[in-house]
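The values are calculated or read from the model by the stated rules, or taken from the named source; none is laboratory data. These figures come from a predicted structure and were not determined experimentally. Heads up: the accessible areas ignore ligands, DNA and RNA and are worked out on the full protein's heavy atoms, side chains in. Shrake-Rupley method; radii C 1.70, N 1.55, O 1.52, S 1.80 Å.
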Amino acid sequence: MSAPAIDPVRTPVSATPARKSAGKGRTTPARFDTALGWSDRPGPAWALRVLLCLLALGVFAAPFLTIFSGSFSEKASGSTLSFLPHHPTLLNFQVAGERGIWDYFGNSLVIAGGGLLLQLAVCTLAAYALARHRFRGQALVLTLFMLTMMLPEEVIAIPLSLVLGHVPVVGVDLKGTVWGVILPLGAWGFSVMLLTEFMKDIPTEIEEAARIDGVGELRMLWQVVLPLCKPALGVAGVLGFIMIWDQYLLPLIAAKDPTDYTVTVALSILRTDPEVGSGVVLAGAVIALVPSLIVYLLLQRSLVTGIAAGATKG
């Protein structure tokens with residue numbers, strides 16, 4: 001049998017485009033792979049989307065730029081919108097330091113650091129018990145944690161002040177100490193709910209295999225469960241730090257002396273001080289803003305991963 005004849009003139013249809021693509025090195029997609037369906041060709045829709053993005057960026061970025069520029073301006077005004085400082089100076093930060101802003105800042109760091117560690121520890125233990133164990137009243141306990149998020153701070157302010165002044169059973173006065181602010185923040189319903197739902201998705205086969213190897217409860221939590229919950233811990237850490245850092249009413253209740261105040265309370269004091277201007281208040285706001293930005297930048301990967309994992313669950 002003779003071999004089939006091959007037409008040397010006929011060229012496959014896909015040969016020419018393949019050769020062009022190889023020459024260019026890559027092909028440009030007609031549309032970007034995004035939820036908005038961005039088009040790579042300029043047009044009315046493309047211009048409208050760019051305009052909306054610039055508008056959203058201006059709405060969110062303008063207050064931050066105004067605060068930063070006003071804090072470095074010699075004569076700042078809260079009624080004017082300025083993105084660049086006029087006659088840049090560090091005098092506002094110097095005056096804020098003379099008013100004790102750094103002492104208040106130190107109080108806030110101690111309370112936020114200690115409160116976050118205590119909160120993560122308590123919420124992790126509570127979530128582990130609710131997610132990996134079965135007991136009577138389990139749904140009721142989780143509901144009680146959720147109910148704590150529905151109580152406004154103003155409602156519990158007076159009872160909390162009485163409890164902090166004379167703690168039941170032990171009879172200790174916690175007012176005027178950092179523990180008076182840290183202990184009430186030791187449990188947060190949001191973190192308990194978040195960690196509980198995340199731990200429920202851990203396969204039981206992993207836990208059963210670990211128990212066959214003789215792993216106890218604390219070792220199970222520390223070496224098996226927690227490494228799988230890093231995204232959820234990142235979300236709880238970022239949001240928990242911001243929640244503690246932004247506390248205003250609780251430090252005011254727990255304080256016995258103005259030196260016990262946090263930086264959030266200090267900003268209100270600077271605002272009512274007639275001897276300082278708007279630039280000093282904006283400088284204090286910048287100082288109070290920096291820790292939250294640092295925590296977010298350090299844990300933003302865990303924050304995004306945890307939110308995405310929760311959104312795609314199930």
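Remind me, relative contact order of the stretch 126-267 in percent, using alpha carbon pairs under 8 angstrom and six or more residues apart? Contact order relative to length: 32 percent. Working from Cα pairs under 8 Å separated by at least six residues, relative contact order for the stretch 229-290 is 22 percent.
The Cα atoms of the stretch 258-297 give a gyration tensor whose axes a ≥ b ≥ c have a/c of 1.5 or more with a/b no greater than b/c, which makes the shape oblate. Using C-alpha pairs below 8 Å separated by at least 6 residues, the relative contact order for the stretch 68-155 is 16 percent. Of interest is the spacing of the C-alpha centroids, which for the stretch 172-202 and the stretch 86-159 amounts to 7 Å. Along the stretch 200-209 the Karplus relation, 6.51 cos²θ - 1.76 cosθ + 1.60 evaluated at θ = phi - 60°, assigns HN-Hα couplings of 5, 7, 6, x, 5, 4, 5, 5, 5, 5 Hz to successive residues, with x for each Gly and Pro. The phi torsions of the stretch 180-193, fed into the Karplus equation with coefficients 6.51, -1.76 and 1.60 and a -60° offset, translate into couplings of x, 9, 6, 4, x, 9, x, 9, 10, x, 5, 5, 4, 5 Hz, rounded to whole numbers, with Gly and Pro shown as x.
In the full protein context, the stretch 126-219 carries 62 Å² of accessible surface per residue, based on a 1.4 Å probe and ignoring ligands, DNA and RNA.
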